[in-house]
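A short worksheet on the structure shown next.
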Amino acid sequence: MNRTLGLIGSGMIGGTLARLAVNAGWKVVLSNSRGPDTLADLVAELGANARAATPAEAARAGDIVVVTVPLHAYDKLPAAELTGKTVIDTLNYYPERDGRIAALDNDELTSSELVQRHLSGARVVKAFNSIGAKQLASLARPAGSPERSGLPIAGDDADAKKEAAELLDALGYDAVDVAPLAESWRSGPNTPLYCYPYVGDMPTGLTPEELMLWFFETPGVPVPAERVRELAACAVRGPAGASLGVAQ
Ligand SMILES: NC(=O)c1ccc[n+]([C@@H]2O[C@H](COP(=O)([O-])OP(=O)(O)OC[C@H]3O[C@@H](n4cnc5c(N)ncnc54)[C@H](OP(=O)(O)O)[C@@H]3O)[C@@H](O)[C@H]2O)c1
């Protein structure tokens with residue numbers, strides 16, 4: 001089976017997912033805001049199973065599509081082409097980057113519900129939002145490995161969550177179903193599950209800049225699926241957005 005992963009956004013997380021997918025035998029269609037030509041280096045690195053396209057083409061080509069853009073660009077996602085698709089949403093809310101979004105600030109919606117409203121014909125599943133790009137690359141393990149990590153998923157559609165879990169499995173992670181989209185905050189900023197478990201013990205005595213560098217470079221530590229389940233269950237809803245810092 002040679003499935004195709006469509007990627008809308010091919011930066012830190014999108015590029016990492018593309019590498020994991022190609023390693024797992026998937027085809028990938030990458031896209032970004034500046035056009036396919038600007039992805040030539042990444043396509044060359046990934047080899048014959050990768051190509052670059054427009055966001056609309058990546059949406060059409062994907063058996064499953066990951067949207068991994070800054071949240072402020074959510075309403076530019078190609079809703080028509082994503083109709084009928086399972087869409088994985090990695091987006092997190094950073095007001096300094098994304099601007100203030102009242103519906104998120106007042107807890108009327110989660111960021112994934114905002115994405116789902118825009119992509120009204122798609123089945124949105126939140127995933128890959130609670131782990132840094134470096135750790136996402138380095139902690140992937142085959143099924144059955146004692147060092148395999150779990151990652152939370154959240155969604156409203158059982159079939160879409162099954163497809164998302166199959167993708168996570170292929171890419172090296174156990175999917176842990178933690179919530180419907182309305183509770184996808186359980187893996188978001190300002191919760192115990194958000195990025196920090198996967199980096200492990202942080203060094204002391206570093207400046208904020210040094211800490212950020214460390215965060216972007218540390219390979220991280222495995223977080224078993226059961227621990228993910230526990231952390232999601234004990235989460236308390238805090239402020240919707242996070243400050244720009246080590247985890248984006
Ligand atoms: N970095 C992390 O460790 C991390 C971890 C978990 C979740 N996240 C979340 O995942 C998302 C992506 O993060 P990232 O760190 O990968 O971001 P990034 O490195 O800045 O990459 C963003 C990508 O989105 C593309 N993009 C922006 N606007 C677009 C549009 N309108 N249409 C199509 N593509 C567009 C950019 O393309 P251009 O460069 O051409 O503009 C770029 O390829 C964010 O919401 C972030 O909060 C990040």
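Read the figures in this text as sums done on the coordinates, not as results from a lab. Just so you know, these numbers come straight off a predicted model, no measurement behind them. Because the Cβ atoms are built from the backbone with ideal geometry, glycine has one as well, and the counts that use them run over all protein chains shown.
Put the Cα centre of the range 20-74 next to the Cα centre of the range 159-234 and the gap is 23 Å. Springs between Cα atoms under 10 Å define the GNM used for the chain, and in it the highest mean-square fluctuation of Ala73, Ala53, Ala102 occurs at Ala102.
Can you tell me the relative contact order of the range 1-133? Whole percent, Cα pairs under 8 Å, sequence separation 6 or more.
24
According to the Kirkwood relation over distinct C-alpha pairs, the hydrodynamic radius of the chain is 18.0 Å.
For the range 70-234, the antiparallel share of DSSP beta bridges with both residues in that region comes to about 15%. If you count Lys pairs in the chain whose Cα atoms are under 22 Å apart, skipping same-chain pairs closer than 8 places in sequence, the total is 13.
Mean separation of Cα pairs under 8 Å and 6 or more residues apart, divided by the residue count, gives the range 70-234 a relative contact order of 23 percent. Oblate is the label for the range 101-248, because a/c, from the alpha-carbon gyration tensor with a ≥ b ≥ c as root eigenvalues, is 1.5 or above and a/b does not exceed b/c. In the elastic network of the chain, a GNM with C-alpha springs shorter than 10 Å, the most mobile of Glu210, Glu226, Glu147 is Glu210.
The Cα atoms of the range 16-125 cover 46, 30, 23 Å along the three principal axes, with the biggest extent listed first. Fraction of C-alpha pairs exceeding 15 angstrom in the range 124-190: 48 percent, rounded to a whole number.
Highest mean first, how do 78-87, 126-135 rank when packing is the count of other Cβ atoms within 10 Å averaged over residues?
126-135, 78-87
Comparing Val29, Val199, Val66 in a Gaussian network model of the chain where C-alpha atoms under 10 Å apart are linked, the largest mean-square fluctuation is found at Val199.
For the range 201-216, backbone phi angles converted through the Karplus equation (6.51, -1.76, 1.60; θ = phi - 60°) give residue-by-residue couplings of 5, 8, x, 9, x, 9, 6, x, 5, 5, 5, 5, 4, 4, 4, 6 Hz, Gly and Pro being listed as x.
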